[in-house]
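Below: the structure, in structure tokens.
The values are calculated or read from the model by the stated rules, or taken from the named source; none is laboratory data. The structure presented is a predicted model; accordingly, all values stated were derived computationally and were not measured. No Cβ is skipped: glycine too gets one built from the backbone with ideal geometry, and neighbour counts run over all protein chains shown. Ligands, DNA and RNA are stripped out before the accessible areas are found, and what is left, the full protein with its side chains, is counted by its heavy atoms. Shrake-Rupley method; radii C 1.70, N 1.55, O 1.52, S 1.80 Å.
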Amino acid sequence: MGEIVLAAKVTHVPSMYLSEQPGKHHGCRTEAIAGHKEIGRRARELGADVALVFDTHWLVNSGYHINCSNHFEGIYTSNELPHFIQDMTYNYAGCPDLGELIATEANRSDIRTMAHNIKSLKLEYGTLVPMRYMHMGVPEEQALKVVSIAAWDAWHDLNESIKFGEAIRRAIKTSHHNVMVLASGSLSHRFSDNSDAMENMHRWTREFDRQMDIRVVEMWRQGHFKEFRTMLPEYAQHCYGEGGMHDTAMLLGVLGEEYDTPAEILTEPFGSSGTGQINAIFPL
């Protein structure tokens, strides 16, 4: 019987990769990288063999989609921010059987879902960035298999994504895998205008967004997830939630309607190119 061993909301800002490179931004995301490494360490300590990532950089216009290829390998350059991420190598095993189980369970619940084992279907950086740091320095025999789920769901309802998360939880329980579940996306996501981009490299664009993010994180710390679930659609709308915050909706579904455990904040909220970011664990 499978188990969800760790659940978290994580940042994937491309400035994490830039932080590795020589230059004026070297080391700028040390705390975020440390948060990823700690999440990966804990997941392996808890026996995880699969990382399941809700990726808000994978855009889909219809249906729910799972990338569960046998293997992922390549060299990635961001077409969105090629001056931040270029020529980033990756090499991960996939987990087709878990992806198929999720699709079967979701479709059984009338949530139209497709699992894809397509060699040419590549990973997006919402998956690649956290996987990079959660595997950094890890022996090959401790590497996690990777499954990526599209969470930039342009024409989907947040409540349906919560139900999709519930189906994911049920599917994992019928599997033989211990799974780390990651909602990979920002808090607020109002990018700075081009003329202010450099000035706001390490800031929020708007004070309104910063204050909303601080309040949301305080709700998480207090375990007020019932209230957060109610406000999620307005939060996503007014604070430009990344991918519509479908990653967060899926995570809420995975956690369950009665979940009220205080979150553990590994990386305190920070501004990045105008957006709000965090690494937070939701104890199970």
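Yes or no, residue by residue, for (1) closer than 28 Å to residue 144 by Cβ; (2) open to solvent by less than 10 Å² (accessible area, probe 1.4 Å):
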| site | (1), (2) |
| --- | --- |
| 177 | yes, yes |
| 183 | yes, yes |
| 200 | no, no |
| 203 | no, no |
| 212 | no, no |
| 231 | no, no |
| 259 | yes, no |
| 262 | yes, no |
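Just name the residue that is farthest from residue 57 (Cα to Cα) out of those in region 133-154 that are touching a strand residue (DSSP E or B) at 6+ places or on another chain (Cβ under 7 Å) and not aliphatic (A, V, I, L, M). Checking each candidate, the answer is 145.
Among the residues of region 245-261, is there at least one that is in a helix (DSSP H, G or I) and either free of Cβ contacts under 8 Å to residues at least 12 places away in the same chain or of a type in the set (S, T, N, Q) (or both)? Yes; the residues of region 245-261 include at least one that is in a helix (DSSP H, G or I) and either free of Cβ contacts under 8 Å to residues at least 12 places away in the same chain or of a type in the set (S, T, N, Q) (or both). Across region 1-35, the number of residues qualifying as among the charged types (D, E, K, R) and not in a helix (DSSP H, G or I) comes to 4.
One residue stands out among those in region 269-278 that are open to solvent by 10 Å² or more (accessible area, probe 1.4 Å) and assigned to a strand (DSSP E or B): the one that is farthest from residue 162 (Cα to Cα), which is 270.
Screening 251, 266 for residues that are open to solvent by less than 10 Å² (accessible area, probe 1.4 Å) and either out of contact with any Ser or Thr (no Cβ under 8 Å at 6 or more places or on another chain) or among the acidic types (Asp, Glu) (or both) leaves exactly one candidate, 251.
Out of all the residues in region 129-141, which are open to solvent by 60 Å² or more (accessible area, probe 1.4 Å) and not in a loop (DSSP other than H, G, I, E, B)?
140, 141
Identify all residues within region 58-70 that are within 17 Å of residue 120 (Cα to Cα) and not aliphatic (A, V, I, L, M); write none if there are none. Within region 58-70, 58, 65, 67, 68, 69, 70 meet the criteria.
Is at least one residue of region 98-117 basic (Lys, Arg) and within 19 Å of the chain's Cα centre (by Cα)?
Among the residues of region 98-117, not one is basic (Lys, Arg) and within 19 Å of the chain's Cα centre (by Cα), which makes the answer no.
Listed by position, the strands (runs of 3 or more DSSP E) inside region 36-128 whose residues that are open to solvent by less than 10 Å² (accessible area, probe 1.4 Å) and not β-branched (Val, Ile, Thr) number at least 3 are 50-60. Which pairs have Cβ atoms under 6 Å, sit 6 or more apart or on different chains, and link a residue in region 3-18 that is under 14 Å from residue 127 (Cβ atoms) to one that is surrounded by fewer than 23 Cβ atoms within 10 Å (Cβ to Cβ) and among the aromatic types (Phe, Trp, Tyr)? Partner pairs satisfying both residue conditions: 14/84.
Any residue at all in region 231-242 that's touching a Gly at 6+ places or on another chain (Cβ under 6 Å), in a helix (DSSP H, G or I) and in contact (Cβ under 8 Å) with a residue 24 or more places away in the chain? So far as region 231-242 goes, yes, one or more of its residues are touching a Gly at 6+ places or on another chain (Cβ under 6 Å), in a helix (DSSP H, G or I) and in contact (Cβ under 8 Å) with a residue 24 or more places away in the chain.
Listed here are the residues, each with its yes/no results for (1) touching a residue at least 60 places away in the same chain (Cβ under 8 Å); (2) closer than 11 Å to residue 247 by Cβ.
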{"residue": "142", "(1), (2)": "yes, no"}
{"residue": "147", "(1), (2)": "yes, no"}
{"residue": "150", "(1), (2)": "yes, yes"}
{"residue": "153", "(1), (2)": "yes, yes"}
{"residue": "160", "(1), (2)": "no, no"}
{"residue": "183", "(1), (2)": "yes, yes"}
{"residue": "191", "(1), (2)": "yes, no"}
